[in-house]
Amino acid sequence: EINSSACTSITIGSGVTDFALFRISSNIHVPSLTIKSTTVPTNFSNIFGNNNTPEKIYVPCESLGAYKAAVYNAGQDPSIVESYVAGCQYVELIKFTATWSDGTVETKPCYTDTITYNDFTYYGDYISDLVVGDCVTAITSSHVNITNLRLSSSVVSITSEDDWYNTVKHYYFAQNNGLTTIGNNVSTKGLEGDLTLPEGLTTIGDNALM
């Protein structure tokens, strides 16, 4: 455990791969934490123990996305993560872009590979257009009404949380898509127009396409 009020920055070398015993005492403030490992260490979330979050976390450029995801999954703000490499070029992957019925556009960075109901922070009447990013492999959202669902080739399954309903009017499948599963109640009403399902689809649930 680090317990010194005089500590203003911490640098952890590239050889440290496990933070099992890492702690920052609750009575000190650390403005800067630099981690040189290109792989997110095991037990990474321990750095947020004692309700003590560094102001900034600096990491290798090539690992910026992985560390941002790790910080997000630890319940913290990914914007605190930056690269210590000058001129680092980082393009953030997009999980989805949702255009709501009132014209509001909501974009979500890709810190996980699954779209859930909790990913949507704006709630209009319905989503007129949902474009799914290439990092997404699964959609498990429910209680969502969508006019146009545009799936990337990376999506393998679409299911509904707790078998609650969704409404999807039009599906658009990417070429060379890997979709294998459309689960129960994914589209319980409102399906419109022609629908050609992907060749690789193996499972279609109850009330999946209505």
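Among the residues of region 85-94, write down those that are in contact with a helix residue (DSSP H, G or I) (Cβ under 6 Å, 6 or more places away or on another chain) and open to solvent by less than 70 Å² (accessible area, probe 1.4 Å). Spell out how you get there, then give the answer.
Taking region 85-94 first, the residues in contact with a helix residue (DSSP H, G or I) (Cβ under 6 Å, 6 or more places away or on another chain) are 85, 88, 90.
Once the filter is applied, which keeps residues that are in contact with a helix residue (DSSP H, G or I) (Cβ under 6 Å, 6 or more places away or on another chain) and open to solvent by less than 70 Å² (accessible area, probe 1.4 Å), region 85-94 yields VAL85, CYS88.
Can THR53 be described as open to solvent by less than 70 Å² (accessible area, probe 1.4 Å) and either in a loop (DSSP other than H, G, I, E, B) or touching a residue at least 60 places away in the same chain (Cβ under 8 Å) (or both)? The answer is yes for THR53. Among the residues of region 190-210, those identified as in a loop (DSSP other than H, G, I, E, B) and among the β-branched types (Val, Ile, Thr) are THR196, THR202.
Hey, could you check region 109-131 for residues that are open to solvent by 50 Å² or more (accessible area, probe 1.4 Å) and at pLDDT 90 or above and say which is farthest from ALA66 (Cα to Cα)?
We begin by selecting, within region 109-131, every residue open to solvent by 50 Å² or more (accessible area, probe 1.4 Å); these are 113, 117-118, 121-123, 125-126, 131.
Checking which are at pLDDT 90 or above leaves us with 113, 126, 131.
Details: ASP113: 12, TYR126: 32, VAL131: 23 Å.
Among those residues, the one meeting the criterion is TYR126.
One line per residue, one yes/no per condition, for (1) modelled with pLDDT under 80; (2) in contact with a strand residue (DSSP E or B) (Cβ under 6 Å, 6 or more places away or on another chain); (3) open to solvent by less than 30 Å² (accessible area, probe 1.4 Å); (4) part of a strand (DSSP E or B):
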| residue | (1), (2), (3), (4) |
| --- | --- |
| SER4 | yes, no, no, no |
| ILE10 | no, yes, yes, yes |
| VAL16 | no, no, no, no |
| ALA20 | no, no, no, no |
| SER26 | yes, no, no, no |
| THR38 | no, no, no, no |
| GLY49 | yes, no, yes, no |
| ILE57 | no, yes, yes, yes |
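Checked against the criterion of being within 24 Å of GLY15 (Cα to Cα), open to solvent by 40 Å² or more (accessible area, probe 1.4 Å) and touching a strand residue (DSSP E or B) at 6+ places or on another chain (Cβ under 9 Å), region 70-78 contains one or more residues that satisfy it. Scanning region 93-125 for residues that are closer than 24 Å to ASN73 by Cα, of a type in the set (Val, Ile, Thr) and assigned to a loop (DSSP other than H, G, I, E, B) gives THR112, THR116, THR121.
Would it be correct to say that GLU161 is at pLDDT below 85 and either of a type in the set (Phe, Trp, Tyr) or out of contact with any strand residue (DSSP E or B) (no Cβ under 9 Å at 6 or more places or on another chain) (or both)? Spell out how you get there, then give the answer.
Working: at pLDDT below 85: yes; either of a type in the set (Phe, Trp, Tyr) or out of contact with any strand residue (DSSP E or B) (no Cβ under 9 Å at 6 or more places or on another chain) (or both): yes.
Taking the combined requirement at face value, the residue satisfies it.
Pick from GLU106, GLU82: which is open to solvent by 40 Å² or more (accessible area, probe 1.4 Å), out of contact with any His (no Cβ under 9 Å at 6 or more places or on another chain) and of a type in the set (D, E, K, R)? So that I can check it myself, show each step before the final result.
On the way: GLU106 fails: open to solvent by 40 Å² or more (accessible area, probe 1.4 Å).
When all the criteria are applied, what remains is GLU82.
Only residues that are outside any strand (DSSP E or B) and under 18 Å from MET210 (Cα atoms): list them for region 145-158, please. Within region 145-158, none qualify.
Scan region 159-189 for residues that are of a type in the set (A, V, I, L, M, F, W, C) and assigned to a strand (DSSP E or B) and jot them down. Explain how you work it out, then say what you get.
Of region 159-189, the ones of a type in the set (A, V, I, L, M, F, W, C) are 164, 168, 173-174, 179, 182, 186.
Of everything in region 159-189, those that are of a type in the set (A, V, I, L, M, F, W, C) and assigned to a strand (DSSP E or B) turn out to be VAL168, PHE173, ILE182.
The values are calculated or read from the model by the stated rules, or taken from the named source; none is laboratory data. Just so you know, these numbers come straight off a predicted model, no measurement behind them. In this analysis, Cβ positions are derived from the backbone assuming ideal geometry, glycine residues included, and neighbour counts consider all displayed protein chains. With ligands, DNA and RNA removed, areas are computed over all heavy atoms of the protein, side chains included. Shrake-Rupley method; radii C 1.70, N 1.55, O 1.52, S 1.80 Å.
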